[in-house]
Amino acid sequence: MNKKERRKAQLERHYAALVRLAEACGVKKADGKKLSVALLKIERDAHKGAEAYCNGETYRSNIFGEYDFNADENAWDKFSEMIEREVQVLFVKLPPFFYVNGDARGYALKIRGAEAGHDYGKKLIEETGLMTDWGSNGLLAPEITGD
């Protein structure tokens, strides 16, 4: 299987995982590809916001407005809440154990996996087939390259 074929297969698996997640959240007829595209836009914006937050900069989001992470100590919480609302709109209700990662070194939109003796969303991640990071957190908008 070449890289293009692997990427296509990975995308199809991701679309199917998003459909299963949406169904678990109560969505009747989910479109995995549309969910993926929407989540990718949110992920990119959230990741840029996390970078600005880590650097103490002002960030102007096309989706979520402007946040001054240097001057406003509540800016990250407000930004995260806006992201959560956008994700909630896509899934009807916020997926269980969803969180916005403020660490700019990783993905922003995650389902908390197992850690420190707690299973959190481990079962949900396994049942839906979401891709995971090194910390076993489910990724809603991973980079899919075919590697």
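Just so you know, all these numbers are worked out from the coordinates, no wet-lab data involved. As the structure is a computational prediction, the values presented were derived from the model and not from experiment. Virtual Cβ from ideal backbone geometry, glycine too; neighbours counted across all protein chains shown.
Calculate, for ALA114 and LEU94, the FRET efficiency according to 1/(1 + (r/R0)^6) with r their C-beta to C-beta distance and R0 30 Å; round to the nearest 0.05. Working from the Cβ atoms, E equals 0.95.
Centroid-to-centroid, using Cα positions, region 1-35 and region 112-127 are 20 Å apart. You can think of it this way: the chain between GLU12 and GLU81 has 21.9 nm of extra reach, that is 0.36 nm per residue less the Cα-Cα gap. The Stokes-Einstein estimate for the chain, based on a Kirkwood radius over Cα pairs and taken at 25 °C with 0.890 mPa s viscosity, is a diffusion coefficient of 155 µm²/s. 3J(HN,Hα) couplings calculated from phi for region 40-45 with the Karplus curve 6.51 cos²θ - 1.76 cosθ + 1.60 (θ = phi - 60°) are, in sequence order, 5, 5, 5, 4, 4, 5 Hz; Gly and Pro show x.
Our summary gives region 25-147 a relative contact order of 22 percent, counting only alpha carbon pairs under 8 angstrom and 6 or more residues apart. Loop-located chymotrypsin sites (Phe, Trp or Tyr not before Pro) across region 95-147 with a Cβ neighbour count of 11 or fewer within 10 Å are TRP134, with loop assigned by DSSP.
Note on LYS28: lysines with a C-alpha under 16 Å away, same-chain residues under 8 apart excluded, are LYS93. As a calculated quantity, the FRET efficiency between GLU127 and LYS3 at R0 = 30 Å, using C-beta atoms, amounts to about 0.55. Using just its DSSP H runs of length 4 or more, each adding -39500 (n - 2.57), the chain gives a mean residue ellipticity at 222 nm of -16000 deg cm²/dmol after division by all residues. In order along region 19-24, the phi-based Karplus estimate (6.51 cos²θ - 1.76 cosθ + 1.60, θ = phi - 60°) of 3J(HN,Hα) comes to 4, 5, 5, 4, 5, 5 Hz; Gly and Pro are listed as x.
Averaged over residues, the count of other Cβ atoms within 10 Å places the peptides 55-65, 18-28 in the sequence 18-28, 55-65, highest first. Charging the Cβ of each Asp and Glu at -1 and of each Lys and Arg at +1, and nothing else, the dipole of the chain about its Cα centre rounds to 920 debye.
Mind listing which trypsin sites (Lys or Arg not before Pro) in region 80-147 are in a DSSP loop and have 10 or fewer other Cβ atoms within 10 Å? Walk me through the numbers before you get to the answer.
Numbers: sites: ARG85, LYS93, ARG105, LYS110, ARG112, LYS122, LYS123; in loops: LYS93, ARG105, ARG112.
Answer by residue number: ARG105.
Listed cross-link partners LYS4/LYS122; LYS3/LYS48; LYS41/LYS78; LYS4/LYS33; LYS41/LYS110 are compared with a 26 Å cut-off, the Cα-Cα value being larger for LYS4/LYS122; LYS3/LYS48.
Amide hydrogen proximity for PHE98: with H placed 1.01 Å from N in the peptide plane, the residues at 5 or more positions away or on another chain lying under 5 Å are ARG112.
Note on the chain: dipole from Cβ charges, positive end direction compared against LEU21, GLY102, GLY56; the farthest Cα belongs to LEU21.
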